[in-house]
1. Listed residues T149, T194; which is in contact with a Gly (Cβ under 8 Å, 6 or more places away or on another chain) and touching a residue at least 12 places away in the same chain (Cβ under 8 Å)?
2. Restricting the search to the stretch 157-188, which residues are over 16 Å from K201 (Cβ atoms) and part of a loop (DSSP other than H, G, I, E, B)?
3. As an exercise: evaluate D256 against (1) acidic (D, E); (2) under 22 Å from R2 (Cα atoms); (3) loosely packed, with under 15 Cβ neighbours inside 10 Å; (4) touching a helix residue (DSSP H, G or I) at 6+ places or on another chain (Cβ under 9 Å) and give the number of the one condition it does not meet.
4. Where residues in the stretch 189-201 are part of a loop (DSSP other than H, G, I, E, B) and touching a Ser or Thr at 6+ places or on another chain (Cβ under 7 Å), which of them is farthest from F56 (Cα to Cα)?
5. Among the residues that make up the stretch 227-243, is at least one of them surrounded by fewer than 24 Cβ atoms within 10 Å (Cβ to Cβ), β-branched (V, I, T) and within 15 Å of the ligand (Cβ to nearest atom)?
6. Name the residue that is surrounded by the most Cβ atoms within 10 Å (Cβ to Cβ), counting only residues in the stretch 193-226 that are among the aliphatic types (A, V, I, L, M) and away from the ligand (no atom under 12 Å from the Cβ).
7. Please count how many residues of the stretch 133-155 are outside any strand (DSSP E or B), of a type outside the set (F, W, Y) and within 16 Å of the ligand (Cβ to nearest atom).
8. Take N64 and decide whether it is in contact with a Ser or Thr (Cβ under 9 Å, 6 or more places away or on another chain), in contact (Cβ under 8 Å) with a residue 40 or more places away in the chain and more than 16 Å from the ligand (Cβ to nearest atom).
Amino acid sequence: MRQVDLRSDTVTQPTPEMREAMYRAEVGDDVYGEDPTVRRLEEAAAAKLGFESALFVASGTMGNLVALLTQTGRGDEVFLEAESHIYYYEVGGIAALAGATPRLIPGDWGIITPESLRKYCRSTNIHYPNPALLCLENTHNRGGGAVYTPSQTAALMGCARELGLRVHIDGARIFNAAVACGCDVRELVRGADTVQFCLSKGLGAPMGSVVVGSRELIERARKWRKMVGGGFRQIGIMAAAGLVALEKTVNRLAEDHQLARQLAVGLAEIPFIRIQPERVQTNIIVFEVDEARISVESLLARLQEAGIKANSSGGPAVRFVTHKDIQAADIDYVLRTIAAIPVAE
Ligand SMILES: *Cc1c(COP(=O)(O)O)cnc(C)c1O
């Protein structure tokens, strides 16, 4: 039976070229700064995003955490969109480990505006925590892969500066955003203090994220990474796959977006599904099921029986994610399977 895994782009298998690069990687002890392959990855990442320095970390969660630890102190206020990954899916590390106070700003499909940031960022007052950091998520995961354009980003960045805030970008899928906007990734991160992006999602590497920033910030982040147990030794084995991901797989993300669009347009034809296909900008599709006709649970079970894996996104919402291991024929198969599911009238 055909197997189609739409749960996430984290399920992507490393390419033969990645495995080959891993086998051949020159390595050393990275805690001593002696792994040449990690250095190459960090230099390539910093150059690609237009920053002075970079740090290879185990995961997106670790990248966001060290960025928070580096830029906030105990009790500081951090501004996040209400459904942001850092708040929703990172186990409360922002409070438990960084000791910061999250201030949640409701967005439109994850996208906030300078006006809403101004509204939520209060004036100085002895009763309030110190406003310290704005986190932007691009693309926005729970916002269905929504994109901040270069001009939206620049406007928010300007507003954050006026308010005296630093800016961290959770750019787990920043290259998807750049491909969707048809711009250089630097236009989406210019002016930020730190950016985190994932090698292990659409880019297909088996693990890892990179945090970029100024030399000074990254030196501090390196120490925090050590404290949270992220000081690796001959990790160039993994950085080698990350380098292939960064250099070879960015351009093909457009194919994932194309397939996501096709899937969304097909889903819109199905009577028990509510979706706005024009909202699908990248590789994430979030749609709602008419639960009077079929529950999310039974839909997912039916799909599973047909070899199709997907995740619920809370309430009546289901999420599909396209990636390099999904082909056009898989999309047809998914649409045919869903259309054939018997539901209540
Ligand atoms: C996946 C993701 C992360 C976390 O990455 P992990 O490598 O899974 O820890 C952070 N932010 C966003 C927006 C993500 O989608």
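The values are calculated or read from the model by the stated rules, or taken from the named source; none is laboratory data. This one's a predicted model, so the numbers in the text were calculated from it and none came from an experiment. Here Cβ is always computed from backbone atoms with ideal geometry, including for glycine, and neighbour counts include all displayed protein chains.
1. Result: T194 is the single residue among T149, T194 that is in contact with a Gly (Cβ under 8 Å, 6 or more places away or on another chain) and touching a residue at least 12 places away in the same chain (Cβ under 8 Å).
2. L163, G164, L165, G182, C183, D184, listed by residue number.
3. Failing condition for D256: (3).
4. K201
5. Within the stretch 227-243, one or more residues are surrounded by fewer than 24 Cβ atoms within 10 Å (Cβ to Cβ), β-branched (V, I, T) and within 15 Å of the ligand (Cβ to nearest atom).
6. V212
7. 9
8. Judged against the criteria, N64 is not a match.
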